[in-house]
1. When the helix-only estimate is applied to the chain (DSSP H runs of n ≥ 4, each -39,500 (n - 2.57), divided by the residue count), what is the mean residue ellipticity at 222 nm, nearest 500 deg cm²/dmol?
2. Can you list the lysines whose alpha carbon sits under 30 Å from that of K139, skipping same-chain ones fewer than 8 residues off?
3. What is the extension gain from R24 to Y63, computed as 0.36 nm multiplied by their sequence separation minus the C-alpha to C-alpha distance, in nm to one decimal?
4. How high is the relative contact order of the chain, in percent, counting Cα pairs under 8 Å that sit 6 or more residues apart?
5. Of the listed values [x] 0.99; [y] 1.08; [z] 0.93, grab the one calculated as Rg/Rh (Cα atoms, Kirkwood Rh) from the structure here.
Amino acid sequence: MNFDTKRLDATDYKILRQLTEDGRMSDVALGERLNLSSTAVARRRKILEESGIISGYTVNLNYKTLGLSIIVIVSIELSSQAEHALNDFEQAVLRSPSMSFCSFVSGDTDFIMILNVASFETYDSIYRRELSTLPHVAKIRSSFVMREVRNLTTPPIIFHG
């Protein structure tokens with residue numbers, strides 16, 4: 001569904017901002033923060049959900065606490081950009097248990113992946129078992145994140161633009 005975001009008002013953006021900080025917030029608590037009735041909040045939240053602006057509610061995991069303290073950014077260059085090669089590669093990625101993020105991108109590389117791993121040895125194993133077996137791969141480049149500077153779940157421009 002295409003929703004005209006011009007129909008959103010300041011209150012809608014305030015609701016969205018609060019929910020990005022705490023998606024479990026009740027309509028009552030949200031109403032108290034925004035000086036609205038819980039009924040008004042529930043109605044607005046329902047519209048935001050039905051329009052697809054709110055596509056679901058998730059939990060943000062702390063990967064370091066889970067023992068996955070190394071972030072690896074992997075660039076993949078394919079030997080061909082033919083539709084069958086792209087489809088074969090994408091289907092193989094979907095079957096790879098270690099891939100949490102993969103996108104087809106423009107530029108010198110074809111795909112970017114992000115993996116969270118426990119150790120360099122774990123990444124080596126994933127590289128050998130999964131990455132090196134992906135179809136139509138010509139080149140794999142791995143970069144290890146040294147320090148995260150910023151990692152937002154919502155682009156700040158939405159609320160501060």
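1. Using -39500 (n - 2.57) per qualifying helix, the result is -11000 deg cm²/dmol.
2. Within the straight-line limit of under 30 Å, K139 reaches these lysines: K64.
3. Here the segment from R24 to Y63 would lengthen by 12.0 nm.
4. 24 percent
5. So the calculated entry is the one marked [y].
Every number here is computed from the coordinates shown, using simple stated rules; none is lab data. This structure is a prediction, so every number in the text was calculated from the model and none was measured.
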